[in-house]
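Okay, so here's the structure we're looking at.
Derivation of every value follows stated rules applied to the coordinates shown; laboratory data play no part. If you're wondering where the values come from, they're calculated on a predicted model, not measured in any experiment. Please note: Cβ atoms are built from the backbone with ideal geometry, for glycine as well, and neighbour counts cover all protein chains shown.
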Amino acid sequence: QVQLVESGGGLVQAGGSLRLSCAASGSIFSINVMGWYRQAPGKQRELVARLFSGGYINYADSVKGRFTISRDNAKNTVYLQMNSLEPEDTAVYYCYVDRLSGRSWGQGTQVTVSS
């Protein structure tokens, strides 16, 4: 089992920046992918960014050039640096990890971008 604890959400004005953190503990040795989804009110959860253990990275088209995902292996933490935030980025952001045994989710952190 993997436990994920997120932090870093909040309220920011359009054009501002936030950095989300997600610290993993437990059975972290078998993690293949770490990443972030988000869910806005009334919308489906969507993939924002993911980082594979081999270093490959995916971004949603809507965040390319603005968001950066990274990982600190020593701290077992994945980060999402979000720059040039837009009101459309307002959502609950969920950290997740994929292992052979399945997917684990964080509790979610609210990001609100005011216009």
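Charge tally around residue 96: other residues with Cβ under 15 Å, Lys/Arg +1 each, Asp/Glu -1 each, net +3.
Short-range pairs are left out: with C-alpha atoms under 8 Å and at least six residues apart, the relative contact order of the chain is 37 percent. Grab the other residues whose beta carbon is less than 11 angstrom from that of residue 33, score K and R as +1, D and E as -1, and report the net. Surrounding charge for residue 33 is +3.
Under a Cβ-Cβ cut-off of 14 Å, what is the net charge of the residues other than residue 15 that fall near it, where Lys and Arg count +1 and Asp and Glu count -1? So the surrounding residues net to -2.
Assuming charge only on the beta carbon of Lys and Arg (+1) and of Asp and Glu (-1), the dipole of the chain about its Cα centre is about 220 debye to the nearest 20.
Which shape class applies to the chain: rounded if a/c is under 1.5, otherwise prolate when a/b exceeds b/c and oblate if not, where a ≥ b ≥ c are the square roots of the Cα gyration tensor eigenvalues? Because a/c hits 1.5 or more and a/b exceeds b/c, the chain counts as prolate.
For residue 112 and residue 13, the difference between the fully extended length at 0.36 nm per residue and the C-alpha to C-alpha distance is 34.8 nm. Distance between the modelled labels on residue 57 and residue 101, one decimal in nanometres: 3.0 nm (7 Å Cα→Cβ projection).
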